[in-house]
1. Condition first: outside any strand (DSSP E or B) and of a type in the set (S, T, N, Q). Can you find one or more residues in the range 48-56 that meet it?
2. Restricting attention to the range 27-35, does a residue exist that is acidic (Asp, Glu), surrounded by 12 or more Cβ atoms within 10 Å (Cβ to Cβ) and modelled with pLDDT under 90?
3. Give the residues of the range 72-81 that are modelled with pLDDT under 95 and surrounded by fewer than 13 Cβ atoms within 10 Å (Cβ to Cβ), sorted by residue number.
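The values are calculated or read from the model by the stated rules, or taken from the named source; none is laboratory data. Since we're looking at a predicted model, the values are computed, not measured. Counting neighbours? That spans all protein chains shown, and the Cβs are built from the backbone with ideal geometry, glycine included.
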Amino acid sequence: GLGEREVVKLKSNENEKLKEQKVVSQIQNINDNSEYLIGEWSGKMSGKNLKIVIESVEGNKIKGYNILGTNKRPLSGTFETYTGTREDNISANGFNLILKEPGDDKWDGVFTIDINESYPCTGVWKANNGEKTSEFTIEKK
């Protein structure tokens with residue numbers, strides 16, 4: 001079999017490759033890589049800390065939760081990918097997300113988020129009751 005040194009060498013090569021792939025996939029067309037969405041995104045909304053955590057992506061379906069201040073709500077929704085060029089000729093490839101809170105709370109609503117290769121990513125939250133709309137920006141942590 002392989003000596004211990006060879007195994008260690010293989011592992012470190014693999015880790016380097018993974019790091020490289022990660023960077024490449026973030027720079028490349030991120031549409032090929034919906035797993036990029038998974039993780040913690042944070043920013044501010046209405047003066048409070050906003051955290052959106054995407055736990056799983058299956059097909060075009062997303063599950064996770066958000067925390068605004070101390071209020072934690074489950075999220076589920078879908079996303080679409082897009083490719084295009086912005087006015088300044090920089091390619092803008094990304095995802096449009098629609099994430100819904102359960103709707104059993106007076107202040108539940110829907111997040112519409114644009115995640116793309118230019119930071120920070122922008123979004124809008126609209127209360128289901130129509131009484132409030134808030135814009136926000138988020139970045140991946």
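1. no
2. Yes, because at least one residue in the range 27-35 is acidic (Asp, Glu), surrounded by 12 or more Cβ atoms within 10 Å (Cβ to Cβ) and modelled with pLDDT under 90.
3. GLU80
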